[in-house]
Every structure is written in C-alpha cells, then in structure tokens.
Amino acid sequence: MLEKYLVINDAVKEAIESGKPVVALESTIISHGMPYPKNVETALNVEKIIRENGAIPATIAILNGKLKVGLTADEIEYLGKAEGVIKTSRRDIPFIVARKANGATTVASTMIIAAMAGIKVFATGGIGGVHREAQQTFDISADLEELAKTNVAVVCAGAKSILDLGLTLEYLETKGVPVIGYKTEELPAFYTRESGFKVDYRVNSPLELAEALKAKWELGLQGGAVIANPIPEEFSMDLTTINLAIEKALSEAKTKGIKGKETTPFLLAKVKELTGGESLESNIHLVYNNAKLGAQFALELSKL
Ligand code: PSU
Ligand code: MN
C-alpha cells in the first residue's frame, strides 16, 4: 500500500536495505528557511558533507503528491526556486498527496516519511517548539508531538529563542523525549551556544549517542530524541544582537496579527532581515555542523 505513495530513490533504497547509514533531511528549510540560491547551494553542500562523513543523504519532500525520499539535485533546485510550495506538517500530508501538490516537509513530516522509509537519523537546523505566550495562544509545534511518537532521532542546533525554551523543555519532558547535549550540558539556542537551560544528558561521542538510541528503540520506547549540537564557536552570534532582533520580530508579528503556521516562517524571515547576512551565514554553518554529526551518528548506529 505504501508504495503507492512513497518513492525512495535507488541509492537510498539500496543503502536502507543493506543497513548502510542514511541521514534524512527536511525541505521546509529549503523552501521557507533561506533565500534562493543560498538555500539550494546549502542543501547540496549538506548532502556532500553527509557523503564525506560516510553516510547517504536523503532529502525529503512531497512532489506531485508523492512522498519522495532522496531528492535529485534538479528536484532540490526546483523546490528552492518554485513559488507556492506548501509548508507541510503532519495534518497537511493527506491533502498535499490527494491534490498532487508540492509540499516542503517540516521536522514533523520529515520524521514521519523517514520512519516510513526505515531511516532513523535526521539532521536539520532548528526544531519547532512551544511559542512564547503559548499559555494564551496554544501555539505548540507539531514537531514536539512527532518527537513523542515517531522513532527518528533529530540532530539540530537546539531551538531559536523566538520560542519559549523553558516551556519547550517541559513539554518534551512530559512527552518522554530525551534532550541530549552533544559535548555540552547546556541547551544551545540555534545562533548561540548557550541558552541558560540544561539538557537532560550530555554525550561526548557519536557512539554514545548510538548506544542510547539503540537501547531506547530496542526497549520499545516509542519516539525520537533531540540531539542538540551547539553552533561552532566561530559562527555563533552575539547574544544581545540576536535577542534584540527576536524581540522586534515578535512584536511585529503581534501587531500584524500573524498566526498559525505562518508564525514560524514570519519570525525566521524577520530575524534574518534584522540581523542581515550574519545570521544567514550562522544558519548555514550550523546546518553543516549538524549534517556532519548526523552522518557520524548514523554510521555508529549502523555498526551496532
Ligand atoms: N525553526 C528554525 N528553522 C526552521 C524551522 C523552525 O529555526 O526552518 C522550520 C522547521 O521545518 C520546523 C518548522 O519543523 O519550521 C516548525 O514550524 P511550526 O512552528 O509551524 O510547527
Ligand atoms: Mn504553530
């Protein structure tokens, strides 16, 4: 039945079937996260980094209604350039499929499709979370629910402080999702290495990560994990600069009445606009850093 919907490219299929390491990649970051042509350039570099570190990349999106695992360079180019690609989370998938539309997958939907294909490791930039003032708005990303139930581990640089990081951690705790710091005790906040919040566990090697996730899944403990990998020091941003931009973006979103699925893309675009090219460069390099760790982790997992 799944074959009707799911299209896995040959290289990725061969790797999955023979137990080789594969790293899933999302596509919202391409369509909604960065401007063209940087988005395409970054997506292709990320795939290259994964290959250089011994794993097979599988960029995921929905194209003409097909759940695609492993995009070609042309498909990545198309997605990066096309107008009207729909940001697709769990609830959107059936409609994008039935309408034979193009959808860029978020963390949640990339996890879903990766799990359908049998991929356990996924690398990206930042996850969605509990928004500030969620006590009133109820704005909590579907990414968190997905982490609670789908067996895919997500390597990221933490979450942006456009979110309420404290509430995001509380939510993940309730849902039983481990938040793991890679070589750090502190939750990184995307552009910065620090946030003031602690992670649940610190690990110091890809092998340690692989052993913990293997135990989780062999025990039948459903769900993923957040592997928080701090941005490399040389690309990290000044805390005051980034916080000012975030405050400004949040107040503008409020004035404009931005709601629902538009909130995250709006805030990301605003922060980028306010901090200029610097935040874009930081963003790109933290994704590269996560791609590398994702590949190393997938490699260790495949050896266990
Ligand atoms: N945060 C980022 N960069 C991103 C996203 C979040 O720093 O690109 C994207 C991811 O695709 C994530 C989605 O899964 O936004 C979350 O959107 P929402 O908050 O609407 O669930
Ligand atoms: Mn939301």
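The values are calculated or read from the model by the stated rules, or taken from the named source; none is laboratory data. None of these values were measured; they are calculated from a predicted model. We place every Cβ from the backbone using ideal geometry, glycine too, and count neighbours over all the protein chains shown.
A search for C-beta distances below 8 Å between a residue of the stretch 260-276 that is under 16 Å from GLU133 (Cα atoms) and any residue that is assigned to a helix (DSSP H, G or I) and more than 10 Å from ligand 1 (Cβ to nearest atom), counting only pairs 6+ apart in sequence or on different chains, returns THR263/ALA253; LEU267/ILE246; LEU267/ALA249; LEU267/LEU250; LEU267/ALA253.
Looking only at residues in the stretch 214-243 that are part of a helix (DSSP H, G or I) and modelled with pLDDT under 95, the one that is nearest to LYS272 (Cα to Cα) is ILE242.
Scan the stretch 231-249 and give yes if some residue there is hydrophobic (A, V, I, L, M, F, W, C), within 16 Å of ligand 2 (Cβ to nearest atom) and touching a helix residue (DSSP H, G or I) at 6+ places or on another chain (Cβ under 7 Å), otherwise no. So that I can check it myself, show each step before the final result.
Filtering the stretch 231-249 for residues hydrophobic (A, V, I, L, M, F, W, C) gives 231, 235, 237, 239, 242, 244-246, 249.
Narrowing further to those that are within 16 Å of ligand 2 (Cβ to nearest atom): 249.
Cutting the leftovers down to touching a helix residue (DSSP H, G or I) at 6+ places or on another chain (Cβ under 7 Å) gives us 249.
Yes: the stretch 231-249 contains one or more residues that are hydrophobic (A, V, I, L, M, F, W, C), within 16 Å of ligand 2 (Cβ to nearest atom) and touching a helix residue (DSSP H, G or I) at 6+ places or on another chain (Cβ under 7 Å).
Sort through LEU147, LEU209, LEU172, LEU165 and tell me the only one that's aliphatic (A, V, I, L, M), out of contact with any Pro (no Cβ under 9 Å at 6 or more places or on another chain) and more than 22 Å from ALA295 (Cα to Cα). Walk me through it before giving the result.
On the way: LEU147 fails: more than 22 Å from ALA295 (Cα to Cα); LEU209 fails: more than 22 Å from ALA295 (Cα to Cα); LEU172 fails: out of contact with any Pro (no Cβ under 9 Å at 6 or more places or on another chain).
So the residue among LEU147, LEU209, LEU172, LEU165 that is aliphatic (A, V, I, L, M), out of contact with any Pro (no Cβ under 9 Å at 6 or more places or on another chain) and more than 22 Å from ALA295 (Cα to Cα) is LEU165.
The number of residues in the stretch 208-235 that are closer than 19 Å to GLY125 by Cα and surrounded by fewer than 21 Cβ atoms within 10 Å (Cβ to Cβ) comes to 4.
Among the residues that make up the stretch 187-207, is at least one of them among the aliphatic types (A, V, I, L, M), within 13 Å of ligand 1 (Cβ to nearest atom) and either at pLDDT 95 or above or over 23 Å from ALA148 (Cβ atoms) (or both)?
Step one: filter the stretch 187-207 for residues among the aliphatic types (A, V, I, L, M), giving 187, 189, 199, 203, 207.
Pick out the ones that are also within 13 Å of ligand 1 (Cβ to nearest atom) and you get 189.
Subset that is either at pLDDT 95 or above or over 23 Å from ALA148 (Cβ atoms) (or both): 189.
Scanning the stretch 187-207, I find at least one residue that is among the aliphatic types (A, V, I, L, M), within 13 Å of ligand 1 (Cβ to nearest atom) and either at pLDDT 95 or above or over 23 Å from ALA148 (Cβ atoms) (or both), so the answer is yes.
For the stretch 196-207, check the following and say yes or no: at least one residue is of a type in the set (Ser, Thr, Tyr), part of a loop (DSSP other than H, G, I, E, B) and surrounded by fewer than 22 Cβ atoms within 10 Å (Cβ to Cβ). Taking every residue of the stretch 196-207 in turn, at least one turns out to be of a type in the set (Ser, Thr, Tyr), part of a loop (DSSP other than H, G, I, E, B) and surrounded by fewer than 22 Cβ atoms within 10 Å (Cβ to Cβ). For the stretch 251-263, a residue qualifies if it is in a helix (DSSP H, G or I) and more than 14 Å from ligand 2 (Cβ to nearest atom), and the qualifying residues are SER251, GLU252, LYS254, THR255, LYS256. Scanning the stretch 236-258 turns up no residue that is surrounded by fewer than 17 Cβ atoms within 10 Å (Cβ to Cβ), within 11 Å of ligand 1 (Cβ to nearest atom) and on the phi < 0 side of the Ramachandran plot. For the stretch 2-27, enumerate the residues that are in contact with a helix residue (DSSP H, G or I) (Cβ under 7 Å, 6 or more places away or on another chain) and part of a strand (DSSP E or B). Answer for the stretch 2-27, where residues must be in contact with a helix residue (DSSP H, G or I) (Cβ under 7 Å, 6 or more places away or on another chain) and part of a strand (DSSP E or B): LEU6, ILE8, VAL22, VAL23, ALA24, LEU25. Restricting ILE96, ILE86 to residues that are among the hydrophobic types (A, V, I, L, M, F, W, C), within 16 Å of ligand 2 (Cβ to nearest atom) and closer than 23 Å to ALA269 by Cβ narrows the list to ILE86.
Within the stretch 50-73, the residues that satisfy the criterion of being of a type in the set (A, V, I, L, M) and either over 16 Å from VAL155 (Cβ atoms) or surrounded by fewer than 21 Cβ atoms within 10 Å (Cβ to Cβ) (or both) are ALA61, ILE62, LEU63, LEU67, VAL69, LEU71, ALA73.
What about PHE266, is it under 25 Å from THR184 (Cβ atoms), in a helix (DSSP H, G or I) and not aliphatic (A, V, I, L, M)? Judged against the criteria, PHE266 is not a match.
Here is the figure for the stretch 137-178: residues that are assigned to a loop (DSSP other than H, G, I, E, B), in contact (Cβ under 8 Å) with a residue 60 or more places away in the chain and more than 12 Å from ligand 1 (Cβ to nearest atom) total 3.
Only residues that are surrounded by fewer than 21 Cβ atoms within 10 Å (Cβ to Cβ) and outside any helix (DSSP H, G or I) were counted across the stretch 28-49, and they come to 4.
Can you tell me which residue is surrounded by the fewest Cβ atoms within 10 Å (Cβ to Cβ) among those in the stretch 111-136 that are without any contact (Cβ under 8 Å) to a residue 40 or more places away in the chain and in a helix (DSSP H, G or I)?
Pass one, the stretch 111-136, residues without any contact (Cβ under 8 Å) to a residue 40 or more places away in the chain: 112, 115, 133-136.
Pick out the ones that are also in a helix (DSSP H, G or I) and you get 112, 115, 134-136.
Details: ILE112: 22, ALA115: 18, ALA134: 17, GLN135: 10, GLN136: 8.
Per the stated criteria, the residue is GLN136.
Taking each residue of the stretch 97-110 that is closer than 20 Å to GLU262 by Cβ and assigned to a loop (DSSP other than H, G, I, E, B) and looking for partners that are hydrophobic (A, V, I, L, M, F, W, C) and within 16 Å of ligand 1 (Cβ to nearest atom) with beta-carbon atoms closer than 6 Å, six or more apart or interchain, yields ASN102/VAL85.
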